[in-house]
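The values are calculated or read from the model by the stated rules, or taken from the named source; none is laboratory data. These numbers were taken from a predicted model, which means no experiment stands behind them. Cβ sites come from the backbone with ideal geometry, for glycine too, and all protein chains shown count toward neighbours. Side chains are part of the model used for accessible areas, which takes the heavy atoms of the whole protein and leaves out ligands, DNA and RNA. Shrake-Rupley method; radii C 1.70, N 1.55, O 1.52, S 1.80 Å.
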Amino acid sequence: MAKILMLNSSCCSSQILSPHKTTISSLSLSKAMAMCSSFCPRTPFHPRAIKHQNSLQFKAFSTHASSTSPPKDETPARIGFLGLGIMGSPMAQNLIKSGCDVTVWNRTKSKCDPLISLGAKYKSSPEEVAASCDVTFAMLADPESAVDVACGKHGAASGMSSGKGYVDVSTVDGATSKLISSQIRSTGALFLEAPVSGSKKPAEDGQLIFLTAGDKSLYETSAPFLDIMGKSRFYLGDVGNGAAMKLVVNMIMGSMMASFSEGLLLSEKVGLDPSVLVEVISQGAISAPMYSMKGPSMVQSLYPTAFPLKHQQKDLRLALGLAESVSQPTPIAAAANELYKVAKSHGLSDQDFSAVIEALKVRLQQRT
Ligand SMILES: NC(=O)C1=CN([C@@H]2O[C@H](COP(=O)(O)OP(=O)(O)OC[C@H]3O[C@@H](n4cnc5c(N)ncnc54)[C@H](OP(=O)(O)O)[C@@H]3O)[C@@H](O)[C@H]2O)C=CC1
Ligand SMILES: O=CCCC(=O)O
């Protein structure tokens with residue numbers, strides 16, 4: 001096996017040595033193995049699990065196609081996935097395409113169908129998914145849905161027990177995450193919060209950034225799966241720290257987008273071409289991929305949804321609560337939050353968050 005891994009690492013090294021990749025050796029190794037399943041079809045990638053008393057130990061390794069039956073002490077990990085929206089669907093899809101044994105559930109059942117076509121199993125409640133899987137991931141809209149799916153009637157906690165793990169990748173606040181953690185852990189199972197940075201395209205491309213906190217052993221055993229879905233992962237300690245990191249990042253992002261929107265509209269009002277502004281920004285110190293990606297469509301008043309505006313406002317609201325909890329002034333984020341609330345009141349909740357610019361247009365029109 002060691003020999004196979006060395007061969008795999010060397011044949012994929014050009015893909016894994018990108019300067020954008022986090023330099024965590026286990027990350028690169030398992031990502032390399034996952035990549036090798038597509039680049040080296042004779043050495044498919046199989047995440048597998050070994051049960052050790054109270055915890056799961058997952059093993060990611062390559063086997064030659066002619067000897068695919070697992071060693072006697074190893075069985076394929078059974079992965080559950082709850083919540084198949086913009087993010088959950090491509091994340092689950094990447095797990096399936098990497099050869100994982102995936103069972104899905106979504107409130108709106110029809111969203112399970114494309115994944116079932118790809119080979120996923122289906123269960124009719126979070127409880128049944130959790131009961132039939134070793135590790136269950138959840139990607140839900142907000143704190144209310146995350147709690148409901150984890151702790152409600154027929155929720156995942158009802159199907160949890162010692163030896164299982166629950167990884168919540170939804171963006172929620174720390175208090176919500178701690179509540180879910182305590183419910184899950186009261187069953188003897190392990191809990192990891194793992195919200196993600198990165199949007200629809202990084203989710204499709206397996207390029208998400210995981211901000212994890214909670215049970216370290218679950219972090220380690222679920223690493224091969226995080227590495228299929230993402231390009232890097234951070235372990236931040238106690239439950240709540242992952243949620244806090246995610247909220248700080250999205251607080252900055254929401255303010256950046258609001259400020260960018262003001263700049264685009266101001267440039268146009270003073271007779272400049274906003275497309276040229278986007279180009280100027282892309283070459284300077286305030287360049288950010290977000291401006292280059294969203295700017296051209298914003299100039300055309302187009303907002304194809306990658307990150308729904310309602311979720312950005314939710315994240316600003318939760319970030320303001322976090323700031324309040326430690327008496328940290330955040331006047332810029334507070335002002336941005338108001339703008340997203342205006343945008344929501346104009347029916348833009350399900351548009352991309354870049355549609356926040358429309359709230360400024362409405363205000364300007366009302367004044368003139
Ligand atoms: N889109 C993005 O770019 C990113 C989003 N996030 C975060 O990830 C999470 C999911 O985002 P995204 O996929 O975009 O959101 P979507 O709105 O596309 O999907 C939300 C998911 O939550 C489910 N859901 C909502 N309410 C309930 C409920 N009461 N009970 C059960 N299920 C419910 C939905 O089910 P149904 O299909 O039935 O409506 C759906 O599966 C959010 O927390 C978001 O902030 C994080 C990073 C990037
Ligand atoms: O929560 C959404 C984050 C979107 C992104 O990081 O691009």
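Checking the cross-link pairs 164/201; 294/314; 178/314; 216/294 against a 25 Å limit on the alpha carbon distance flags 164/201; 216/294 as lying beyond it.
The charge dipole of segment 245-367, taken about the Cα centre with unit charges on the Cβ atoms of Lys, Arg (+1) and Asp, Glu (-1), comes to about 320 debye, rounded to the nearest 20.
Shown are 173, 113, 227, whose ranking by accessible area with a 1.4 Å probe and every protein chain present, most to least, is 113, 173, 227.
Sort 107, 78, 185 by accessible area with a 1.4 Å probe, largest first. Working shown, then result.
Working: 107 205, 78 85, 185 125 Å².
From most exposed to least exposed: 107, 185, 78.
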